[in-house]
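First the structure, in the form of structure tokens, and then the observations on it.
Rule-based calculations on the coordinates, nothing more; no lab input. Just so it is clear, the structure is predicted and the values come from calculations on it, not from any experiment. Don't worry about glycine lacking a Cβ; one is built from the backbone with ideal geometry, like all the others, and counts go over all protein chains shown.
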Amino acid sequence: MSSGVQLSFTIGWIAMLLGGVLFWLASRRLPQVEKRHGVAAMTIVFVAFANYLAMALGQGDLFFNGRTVYFARYTDWVITTPILLTSLAMFAGNTLGRIATLLAALIAADVYMIVTGLVGNLSVAPYNYYWWVISMVAFFVVLGLIWGPLRRRASEDGQIAPYSKLAGMLTALWVCYPIVWLVGSSGAGMISVDIESWLYLVLDVTAKVGFGAVALNAARQGQSRAH
Ligand code: RET
């Protein structure tokens with residue numbers, strides 16, 4: 001592992017740990033009915049902390065089909081992205097029960113997206129690109145559900161202002177992942193593994209700590225209600 005990649009992993013686990021402390025402090029100021037937002041945000045960063053630590057210790061990668069695959073990114077994403085979607089969904093319905101079917105579909109498409117992305121990373125060209133396309137289809141299903149039915153529920157039953165803000169932030173960040181994947185070592189290899197690691201780091205910290213901070217702030221302002 002190059003020293004740049006190593007450093008990005010070290011910064012990764014430290015940033016996630018700091019995010020955890022930040023969310024713990026912020027959660028104490030949340031009204032009881034909104035604590036669920038704090039639980040979600042903390043779970044996300046502690047899962048990421050463990051995966052970044054594993055990568056920093058050299059336990060998060062394997063050598064397969066002639067290249068290094070950082071599988072710990074996927075074990076992170078497959079757990080944290082469903083929780084991120086659940087955080088967003090908590091602004092779409094007064095209770096999660098009312099949007100349970102939608103949320104289940106959303107999480108199913110999301111897990112499918114991450115798992116097929118991993119299969120692609122384990123594949124040699126041109127099969128990696130086939131899996132990228134399959135994963136992208138699932139990604140469009142995720143975006144379609146967020147901006148279609150879930151957004152409608154947010155305007156009928158939930159809190160449309162924080163929902164729209166978080167959905168916009170989520171979309172802007174999430175679309176960068178398949179691009180990095182495509183130009184990085186899992187795809188065309190147009191950027192170095194160092195640059196790839198730094199890009200994923202910036203995305204992961206923003207999509208987890210940044211997103212969580214915005215969500216908790218919205219929850220504190222009582223813009224989301226749980227009954
Ligand atoms: C992959 C594989 C190629 C195609 C697509 C992908 C999408 C990944 C996404 C990841 C999001 C991760 C987040 C992590 C932490 O907070 C798997 C790269 C579509 C959207 C938000």
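Tabulated values for the structure
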quantity: Residue in the range 106-120 that is of a type in the set (Ser, Thr, Tyr), within 13 Å of the ligand (Cβ to nearest atom) and surrounded by 19 or more Cβ atoms within 10 Å (Cβ to Cβ) present; calculated: yes
quantity: Cβ pairs under 9 Å, 6+ apart, first in the range 92-116 and within 20 Å of residue 35 (Cα to Cα) and in a helix (DSSP H, G or I), second of a type in the set (Lys, Arg) and more than 16 Å from the ligand (Cβ to nearest atom); calculated: 96/36; 98/153; 99/153
quantity: Answer from 123, 185 - the residue that is more than 11 Å from the ligand (Cβ to nearest atom) and touching an Asp or Glu at 6+ places or on another chain (Cβ under 9 Å); calculated: 185
quantity: All positions within the range 110-141 that are over 17 Å from residue 179 (Cβ atoms) and polar (S, T, N, Q); calculated: 123
quantity: Residue in the range 188-206 that is on the phi > 0 side of the Ramachandran plot and surrounded by fewer than 20 Cβ atoms within 10 Å (Cβ to Cβ) present; calculated: yes
quantity: Residue that is farthest from the ligand (Cβ to nearest atom), among those in the range 138-164 that are more than 15 Å from residue 86 (Cα to Cα) and touching a residue at least 12 places away in the same chain (Cβ under 8 Å); calculated: 157
quantity: Residue in the range 165-180 that is farthest from the ligand (Cβ to nearest atom), counting only those that are touching a Phe, Trp or Tyr at 6+ places or on another chain (Cβ under 7 Å) and more than 17 Å from residue 106 (Cβ to Cβ); calculated: 180
quantity: When residues of the range 46-70 are limited to those that are in a strand (DSSP E or B) and touching a strand residue (DSSP E or B) at 6+ places or on another chain (Cβ under 8 Å), the one nearest to residue 15 (Cα to Cα); calculated: 69
quantity: Selection from the range 6-32 of residues that are touching a Phe, Trp or Tyr at 6+ places or on another chain (Cβ under 6 Å), among the aliphatic types (A, V, I, L, M) and buried (at least 17 other Cβ atoms within 10 Å of the Cβ); calculated: 16
quantity: Tally, over the range 121-136, of residues that are of a type in the set (A, V, I, L, M), in a helix (DSSP H, G or I) and surrounded by 14 or more Cβ atoms within 10 Å (Cβ to Cβ); calculated: 2
quantity: Meets criteria (within 11 Å of the ligand (Cβ to nearest atom), over 27 Å from residue 37 (Cβ atoms) and not hydroxyl-bearing (Ser, Thr, Tyr)) for residue 132; calculated: yes
